[in-house]
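The values are calculated or read from the model by the stated rules, or taken from the named source; none is laboratory data. Keep in mind it's a predicted model, so treat the numbers as computed, not measured. A quick note on method: Cβ atoms are made from the backbone with ideal geometry, for glycine too, and the neighbour counts reach across all protein chains shown. For the accessible areas, the whole protein counts, side chains as well, though only heavy atoms, and no ligand, DNA or RNA atoms are used. Shrake-Rupley method; radii C 1.70, N 1.55, O 1.52, S 1.80 Å.
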Amino acid sequence: MDFYASSSTEEPHVLAVDDNLVDRKLVERLLKKSSCKVTTAENGLRALEYLGLGAEQEHSTNGNGSKVNMIITDYCMPGMTGYELLKKIKESSILKDVPVVIMSSENIPTRIDHFELCHIK
């Protein structure tokens, strides 16, 4: 798969979020082999902080976090699920257009059905 950044001289920047260190390192390695710049976070709260959407940044006048072209997140994480992270990102006027991929190693049909029924604007 080829990724394209907004500028031809920039490599796309992907934020990879997963509480499992092995999975996080695997995703990071695969993306770097695809010529992506990768930043990792171990949970949803850390990802929001990096993106400038953490509790401290919400009250700042700046509110701009680091620019990313895509976010890949695990679904099942302690504290905040990938779906909850997705909702927070889509509520942001700055980040709402950034593509978010939610992944999971779980094979739970009801959870899969939940994603098929969701419509996030």
Look at segment 21-44 and say how many of its residues are within 12 Å of E11 (Cα to Cα), assigned to a strand (DSSP E or B) and open to solvent by 30 Å² or more (accessible area, probe 1.4 Å).
-> 1
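Here are some residues: G54, G82. Which one is within 19 Å of V14 (Cβ to Cβ) and modelled with pLDDT under 95? It would help to see each step written out before you state the result.
Details: G54 fails: within 19 Å of V14 (Cβ to Cβ).
Checking each option against the conditions leaves just G82.
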Show the residue pairs that are 6+ apart or on different chains and have beta-carbon atoms under 8 Å apart, the first residue being within segment 14-41 and of a type in the set (D, E), the second being open to solvent by less than 30 Å² (accessible area, probe 1.4 Å) and in a loop (DSSP other than H, G, I, E, B).
-> D18/M77; D19/M77
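Which residues, taken from segment 76-108, are part of a loop (DSSP other than H, G, I, E, B) and open to solvent by 80 Å² or more (accessible area, probe 1.4 Å)? So that I can check it myself, show each step before the final result.
From segment 76-108, those part of a loop (DSSP other than H, G, I, E, B) are 76-81, 92-99, 104-108; that's our starting set.
Result: P78, G79, S93, I94, K96, D97, S105, N107.
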